[in-house]
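Asker: Handing you this structure, nothing more for now.
The values are calculated or read from the model by the stated rules, or taken from the named source; none is laboratory data. In this text the structure is predicted, and so the values were computed from the model without any measurement. Cβ atoms come from the backbone with ideal geometry, glycine included; neighbour counts cover every protein chain shown.
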Amino acid sequence: MKYTDQAAFDAVNVFGTGEPNEAYARYFSGRSFLRPLTQPGEAPMFLANVTFEPGCRNNWHIHHASSGGGQVLICTAGEGWLQLEGREPISLTPGVVATIPANVKHWHGAKADTWFSHIAVEVPGENTSNEWLEPVSEEEYPA
């Protein structure tokens, strides 16, 4: 379901919007918010609820790993997009679970007309790192 009104969205965003994602703002077009669900070092993997305002998306990026690794997105509220390089975008709605393999260039974020949240799961692996790349262009995003 699409939510243009933030108050209506907040009512269904079960994990909460969280705080402005200032630490990673330079890797997003638009405003995003972060609510950690686990703390690094306290759990075997990091999980966070990431909320995107309408039209917000992260830059192209890669979750590198020599084995294991990658990312899982568990969509919880609103509607968004995921695109793996060279593939058609995937519509993300509540209940959709998307697996992003390690070493695959991709981006994800809200559709243009709705708020969106997903739980981001960093999959454990060996020699893991994230590489942030160029923004999703204004030509790529609506396509």
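Asker: If GLY80 satisfies all but one of (1) surrounded by 16 or more Cβ atoms within 10 Å (Cβ to Cβ); (2) in contact with a helix residue (DSSP H, G or I) (Cβ under 7 Å, 6 or more places away or on another chain), what's the number of the condition it fails?
Answerer: Result: GLY80 fails condition (2) only.
Asker: Under the condition of being of a type in the set (A, V, I, L, M, F, W, C) and surrounded by fewer than 17 Cβ atoms within 10 Å (Cβ to Cβ), which residue from region 105-143 is nearest to ALA65 (Cα to Cα)? Reasoning before the result, please.
Answerer: As a first pass, look at region 105-143 and keep what is of a type in the set (A, V, I, L, M, F, W, C): 107, 110, 112, 115-116, 119-121, 123, 132-133, 136, 143.
With surrounded by fewer than 17 Cβ atoms within 10 Å (Cβ to Cβ) added as a condition, the list becomes 112, 132-133, 143.
Details: ALA112: 31, TRP132: 14, LEU133: 16, ALA143: 30 Å.
Filtering region 105-143 for residues that are of a type in the set (A, V, I, L, M, F, W, C) and surrounded by fewer than 17 Cβ atoms within 10 Å (Cβ to Cβ), the one nearest to ALA65 (Cα to Cα) comes out as TRP132.
Asker: Right, another one. If you go through region 93-103, how many residues are under 23 Å from PRO124 (Cβ atoms) and either under 11 Å from the mean Cα position of the chain (by Cα) or crowded, with 16+ Cβ neighbours inside 10 Å (or both)? Full working, then the answer.
Answerer: Of the residues in region 93-103, the ones under 23 Å from PRO124 (Cβ atoms) are 96-103.
Now drop any that are not either under 11 Å from the mean Cα position of the chain (by Cα) or crowded, with 16+ Cβ neighbours inside 10 Å (or both), which leaves 96, 98, 100, 102.
Qualifying residue count for the region: 4.
Asker: Next question, about the same structure. If I ask for residues that are outside any strand (DSSP E or B) and either of a type outside the set (Ser, Thr, Tyr) or under 14 Å from the mean Cα position of the chain (by Cα) (or both), which ones from region 104-122 would you list?
Answerer: From region 104-122, those outside any strand (DSSP E or B) are 104-105, 111-115; that's our starting set.
If the condition is that a residue be outside any strand (DSSP E or B) and either of a type outside the set (Ser, Thr, Tyr) or under 14 Å from the mean Cα position of the chain (by Cα) (or both), then VAL104, LYS105, LYS111, ALA112, ASP113, TRP115 are the ones that fit.
Yes/no per residue for (1) buried (at least 18 other Cβ atoms within 10 Å of the Cβ); (2) in contact (Cβ under 8 Å) with a residue 24 or more places away in the chain; (3) over 15 Å from the mean Cα position of the chain (by Cα):
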site	(1), (2), (3)
ALA7	no, no, yes
ASP10	no, no, yes
VAL14	no, yes, yes
THR17	yes, yes, no
ASN21	yes, yes, no
GLY41	no, no, yes
PRO44	no, yes, yes
ASN49	yes, yes, no
ASN58	yes, yes, no
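Listed here are the residues, each with its yes/no results for (1) in a strand (DSSP E or B); (2) over 21 Å from TRP132 (Cα atoms); (3) modelled with pLDDT of 95 or more.
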residue	(1), (2), (3)
ALA7	no, yes, yes
ALA25	no, no, yes
ARG35	yes, no, yes
MET45	no, no, no
PRO54	no, yes, yes
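Asker: Among (1) out of contact with any helix residue (DSSP H, G or I) (no Cβ under 8 Å at 6 or more places or on another chain); (2) modelled with pLDDT of 95 or more, which single condition is VAL123 missing?
Answerer: Going through (1) out of contact with any helix residue (DSSP H, G or I) (no Cβ under 8 Å at 6 or more places or on another chain); (2) modelled with pLDDT of 95 or more one by one, VAL123 breaks only (2).
Asker: May I ask you to list the residues in region 128-143 that are closer than 21 Å to THR38 by Cα and either part of a loop (DSSP other than H, G, I, E, B) or of a type in the set (Gly, Ala, Ser) (or both)?
Answerer: Step one: list which residues in region 128-143 are closer than 21 Å to THR38 by Cα, which gives 128-130.
Selection gives THR128, SER129.
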